[in-house]
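Notes to accompany the following structure.
The values are calculated or read from the model by the stated rules, or taken from the named source; none is laboratory data. Keep in mind that this is a model prediction, so the values were computed, not measured. Note that each Cβ is placed from the backbone with ideal geometry, even for glycine, and that neighbours are counted across all protein chains shown.
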Amino acid sequence: MTDDQADGRRLQPGHWLLIGIVVLLIAAGVTIVVRRGDADPTVAEPTPSAVPSTSATPRPDCSPEITATWADAAQFKYGFIYRSRCDQVVRELRFRVAVVDPSGQGVPGSEETAFGGVLFPGGELAAAGGLHVDPDQKIGGLKVQVINFGVYPPENFSAWAHTEVVNLAQGKPGKFGRYDVTGTLRAQPVTAPVCVSEFVLIMRDKADKILFADVDLTSGETLLKPVFPVYPVPGADLAHSTIYAPQTPRTEEPPGPGVSCNGS
């Protein structure tokens, strides 16, 4: 190859300019593709705006007071009573429940979540559930912490019934001493729908110390009649015992003035 031929094959300055322009165009094309890819979510279905909560900002003084607790490792059960301490209706209640040993230390694996009902001003309700602890675990107490609640004006519940269970009765003991504790649900006004989600039995002694607790779910039941199978509870006094009837809304719509618990 002669020097002249080699010079003819060398790239001239104009060639370099053309190559530079092509490279820039390719780079720009890649950039456009990347940006179009990043922008794809903007052409998807729009995300609905968040619906603001209808609950007022929770007031610390509206967090329910835990007035009594009970737990029994041998029976794998716990229960506690909570009471209103404000002038508003409190609902959406969740509690963190944990067992502590006699030294006050938490028992590993004992933590549970309990749910509450609609708590009217001046009202009192209870919750009960199952424990996941060793049956030989020594229990020093039950620690209950309110971890969630919403506060609503009482007028939003003007069409709700106020419920209580009266006429507690103890059935005849069976072969192994087991008997039923029952009661009669009463609601005021009698024409208002009732949305009882469960019944909670709290059995006490004459000094009002809790000796036993249990829950009776009402899911799927049309006749709201509490029935609790109970084995002998030494010292229990039916006159000092209570069956609570927590209610919860049966509609996704938030409670409002004149609207009952089932949305009617």
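Taking S264, is it surrounded by 15 or more Cβ atoms within 10 Å (Cβ to Cβ), in a loop (DSSP other than H, G, I, E, B) and not assigned by TED's automatic domain parsing to the domain that holds T67? Answer is no for this residue.
When you check E65 against the structure, is it modelled with pLDDT of 95 or more, among the acidic types (D, E) and farther than 24 Å from T251 by Cα, yes or no? Against the criterion (modelled with pLDDT of 95 or more, among the acidic types (D, E) and farther than 24 Å from T251 by Cα), E65 qualifies. In this structure, V200 does not satisfy being touching a Lys or Arg at 6+ places or on another chain (Cβ under 8 Å) and under 22 Å from R91 (Cβ atoms). Of the residues examined, V144 is not one that is touching a Gly at 6+ places or on another chain (Cβ under 8 Å) and not in a loop (DSSP other than H, G, I, E, B).
In the set (1) of a type in the set (A, V, I, L, M); (2) closer than 16 Å to H240 by Cα; (3) in a strand (DSSP E or B), the condition left unmet by A207 is number (3). When G122 is tested against (1) at pLDDT 95 or above; (2) assigned to a loop (DSSP other than H, G, I, E, B); (3) within 19 Å of F76 (Cβ to Cβ), only condition (3) is not met.
The single condition from (1) more than 18 Å from L211 (Cα to Cα); (2) of a type outside the set (K, R); (3) touching a residue at least 40 places away in the same chain (Cβ under 8 Å) that E65 fails is (3). I need the full set of residues from the stretch 70-125 which are crowded, with 18+ Cβ neighbours inside 10 Å and among the hydroxyl-bearing types (S, T, Y), in order please. Y78, Y82, S84, S110, listed by residue number. When N167 is tested against (1) part of a strand (DSSP E or B); (2) polar (S, T, N, Q); (3) under 19 Å from P249 (Cβ atoms), only condition (3) is not met.
One residue alone among L201, L142, L131 is within 21 Å of the chain's Cα centre (by Cα), under 21 Å from D72 (Cβ atoms) and at pLDDT below 95, and that residue is L131. Please enumerate the residues belonging to the stretch 74-99 that are at pLDDT 95 or above, aliphatic (A, V, I, L, M) and out of contact with any helix residue (DSSP H, G or I) (no Cβ under 9 Å at 6 or more places or on another chain). Selection gives I81, L93, V97, A98, V99.
Looking across the stretch 164-191, the residues that are under 27 Å from V259 (Cβ atoms) and either touching a residue at least 60 places away in the same chain (Cβ under 8 Å) or among the small types (G, A, S) (or both) come down to E164, V165, L185, A187. Residues that are touching a strand residue (DSSP E or B) at 6+ places or on another chain (Cβ under 8 Å) and either touching a residue at least 60 places away in the same chain (Cβ under 8 Å) or part of a loop (DSSP other than H, G, I, E, B) (or both) within the stretch 240-253 comprise S241, T242, I243, Y244, A245, P246, Q247, T248, P249, listed in sequence order.
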